[in-house]
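Notes follow once the structure below has been shown.
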Amino acid sequence: MLNLLKNAIEHSKPGGNIMIQVKNSPIYIEPVIQDFGEGILAEELPHIFERFYKSSSSKKLGSNGIGLALVKAII
C-alpha cells in the first residue's frame, strides 16, 4: 500500500490531491488510491505492472520500474 501511495505522490503536482478509499464488499475489500497528476499514456497502460517497466514520466523521477510489479504480486 505504501508503494501505491508513494507512486501517487510522485506523479502528483506539489500540493495536489490524492484520494484514498476502501470499498467494502461481503467477501473482500478494495483499496483505491487515486492521484490527479499527469496520467499514464494509453500505449503505456498495458505495461505498467511489468517488472522493470518505466513509463515516460517515471524515467524523469529515477524510477527502477519494480514498484508496481511488486504491488501487483503482493495484492
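The values are calculated or read from the model by the stated rules, or taken from the named source; none is laboratory data. Computed from a predicted structure; not experimentally measured. Methodologically, a virtual Cβ is constructed for each residue, glycine included, from the backbone with ideal geometry; neighbour enumeration extends over all protein chains shown.
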> Ile33: surrounded by 13 or more Cβ atoms within 10 Å (Cβ to Cβ), at pLDDT 90 or above and not in a loop (DSSP other than H, G, I, E, B), yes or no?
Replying inline: yes
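Within the group Ile66, Ile74, Ile48, which residue is surrounded by fewer than 10 Cβ atoms within 10 Å (Cβ to Cβ) and modelled with pLDDT of 80 or more?
Unique residue meeting the criteria: Ile74.
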> Are there any pairs with C-beta distances below 7 angstrom linking a residue in segment 1-22 that is within 15 Å of Gly39 (Cα to Cα) and without any contact (Cβ under 8 Å) to a residue 60 or more places away in the chain to a residue that is among the aromatic types (Phe, Trp, Tyr) and not in a helix (DSSP H, G or I), with the two at least 6 apart or on different chains, and if so which?
Replying inline: Ser12/Phe36; Gly16/Phe36; Asn17/Phe36
>> Tell me yes or no: at least one residue of segment 49-68 is in contact with a helix residue (DSSP H, G or I) (Cβ under 6 Å, 6 or more places away or on another chain), under 15 Å from Met1 (Cβ atoms) and assigned to a helix (DSSP H, G or I).
In response: yes
> Quick one: is Ser12 surrounded by 12 or more Cβ atoms within 10 Å (Cβ to Cβ), in a loop (DSSP other than H, G, I, E, B), among the polar types (S, T, N, Q) and touching an Asp or Glu at 6+ places or on another chain (Cβ under 6 Å)?
Replying inline: yes
